[in-house]
Amino acid sequence: MSEETLEITLTVNGELLTKTVHVRQHLVDFLRMDLGLTGTHLGCEHGICGACSVRVNGSVVRGCLMLAVQADGAAVVTIEGLTETGEIADLQKNFVDRNALQCGFCTPGMLVTLAELLRNKNSCNRMEIREYISGNLCRCTGYHAIIDAVEITIKDRIGEH
Ligand code: FES
Ligand code: FES
């Protein structure tokens with residue numbers, strides 16, 4: 001059975017692209033399979049785990065719940081883009097320093113969500129940080145080290161250290 005396709009134009013990590021996609025292909029499948037941007041992970045594919053989190057038009061979305069065709073005209077930023085711009089270089093360093101990742105499966109989605117937190121808030125207590133990442137599941141760390149890394153990043157950014 002042949003599946004219908006559509007042409008979409010969007011920016012991904014600042015690059016303007018025009019691609020033909022299958023109408024039922026979700027955004028992360030497009031990013032991973034068509035663009036080779038495998039930093040965004042797929043876990044549940046049902047909107048539960050947050051592994052697929054990407055930034056679309058400035059907001060974090062679950063890429064497994066969005067069709068690629070719905071991203072026509074959008075600005076998409078993945079973990080690769082966030083890494084390239086250095087926007088969260090300090091947070092990424094603190095993740096490593098605090099051992100805030102083990103298997104690393106949740107980490108890209110977690111960092112995309114935390115990048116949003118760091119953009120929106122310049123102060124946050126541990127409970128608020130935990131709440132912010134409540135949609136990003138981690139089976140390894142118990143979250144404490146992740147929250148440590150975020151807390152240190154926020155304090156460094158406001159010059160509290
Ligand atoms: S893969 Fe999208 S929420 Fe789990
Ligand atoms: S580090 Fe393994 S799931 Fe989070």
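Among the residues of the range 81-97, those that are buried (at least 18 other Cβ atoms within 10 Å of the Cβ), within 20 Å of Ala149 (Cα to Cα) and touching a residue at least 24 places away in the same chain (Cβ under 8 Å) comprise Leu82, Ile88, Leu91, Asn94, Phe95.
Considering the range 98-128, and only residues there that are in a helix (DSSP H, G or I) and among the charged types (D, E, K, R), the residue that is surrounded by the most Cβ atoms within 10 Å (Cβ to Cβ) turns out to be Glu116.
If you go through the range 111-152 and keep only what is among the polar types (S, T, N, Q), more than 16 Å from ligand 2 (Cβ to nearest atom) and free of Cβ contacts under 8 Å to residues at least 24 places away in the same chain, you end up with Asn120, Asn125.
Restricting attention to the range 9-34 and to residues that are surrounded by 19 or more Cβ atoms within 10 Å (Cβ to Cβ) and among the hydrophobic types (A, V, I, L, M, F, W, C), the residue that is nearest to the chain's Cα centre (by Cα) turns out to be Val28. Scanning the range 50-68 for residues that are free of Cβ contacts under 8 Å to residues at least 60 places away in the same chain, buried (at least 19 other Cβ atoms within 10 Å of the Cβ) and not in a strand (DSSP E or B) yields Cys52, Gly63, Cys64, Met66.
Looking at the range 78-86, can you tell me whether even one residue there is within 16 Å of the chain's Cα centre (by Cα), away from ligand 1 (no atom under 15 Å from the Cβ) and not in a helix (DSSP H, G or I)? Scanning the range 78-86 turns up at least one residue that is within 16 Å of the chain's Cα centre (by Cα), away from ligand 1 (no atom under 15 Å from the Cβ) and not in a helix (DSSP H, G or I). Only one of the numbered conditions (1) under 16 Å from the mean Cα position of the chain (by Cα); (2) at negative phi; (3) more than 13 Å from ligand 2 (Cβ to nearest atom) is not met by Pro108, and that is (3).
Any residue at all in the range 37-45 that is among the small types (Gly, Ala, Ser), surrounded by fewer than 20 Cβ atoms within 10 Å (Cβ to Cβ) and away from ligand 1 (no atom under 15 Å from the Cβ)? Scanning the range 37-45 turns up no residue that is among the small types (Gly, Ala, Ser), surrounded by fewer than 20 Cβ atoms within 10 Å (Cβ to Cβ) and away from ligand 1 (no atom under 15 Å from the Cβ). Assessment of the range 51-70 against the conditions (within 10 Å of ligand 1 (Cβ to nearest atom) and among the hydroxyl-bearing types (Ser, Thr, Tyr)) yields at least one matching residue.
Conditions (1) in contact with a Ser or Thr (Cβ under 9 Å, 6 or more places away or on another chain); (2) at pLDDT 95 or above, marked per residue:
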{"position": "Ala71", "(1), (2)": "no, yes"}
{"position": "Leu101", "(1), (2)": "yes, yes"}
{"position": "Met110", "(1), (2)": "yes, yes"}
{"position": "Cys124", "(1), (2)": "no, no"}
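Considering the range 94-113, and only residues there that are more than 16 Å from ligand 1 (Cβ to nearest atom) and aliphatic (A, V, I, L, M), the residue that is nearest to Tyr143 (Cα to Cα) turns out to be Ala100.
The values are calculated or read from the model by the stated rules, or taken from the named source; none is laboratory data. Please read all numbers here as calculations on a predicted model, not as lab measurements. All Cβ positions, glycine included, derive from the backbone under ideal geometry; neighbour counts span all protein chains shown.
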